[in-house]
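Notes for the one structure printed next.
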Amino acid sequence: MLAKPDESLRPYTPETLAKRWNCSHQHVRDLVNAGNLQSFRAGRLIRISRQAVVDYEAAQ
């Protein structure tokens, strides 16, 4: 039986990060597009690393 991947290691999507921050996914995308939140692309998808979220939250 295969082990389930550790959810704490997976990067955030704008939607999952919006739930954590209690805001809209568009607000998260706007932060990314403005360069205020580091992200990377997986194909066409936007992903935000756990460390980028920690860094952003610490700066706020």
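The residues in region 9-35 that are assigned to a loop (DSSP other than H, G, I, E, B), under 12 Å from the mean Cα position of the chain (by Cα) and of a type outside the set (Lys, Arg) can be counted, and the count is 2. Annotation: of all residues in region 43-60 being open to solvent by 60 Å² or more (accessible area, probe 1.4 Å) and touching a residue at least 24 places away in the same chain (Cβ under 8 Å), the one that is farthest from the chain's Cα centre (by Cα) is 45.
Restricting attention to region 9-42 and to residues that are touching a Pro at 6+ places or on another chain (Cβ under 8 Å) and within 16 Å of residue 60 (Cα to Cα), the residue that is least open to solvent (accessible area, probe 1.4 Å) turns out to be 28.
The values are calculated or read from the model by the stated rules, or taken from the named source; none is laboratory data. Only a predicted model underlies this, so the values are computations on that prediction, with no experimental measurement involved. In this analysis, Cβ positions are derived from the backbone assuming ideal geometry, glycine residues included, and neighbour counts consider all displayed protein chains. Side chains included, ligands, DNA and RNA excluded: accessible areas come from the protein's heavy atoms. Shrake-Rupley method; radii C 1.70, N 1.55, O 1.52, S 1.80 Å.
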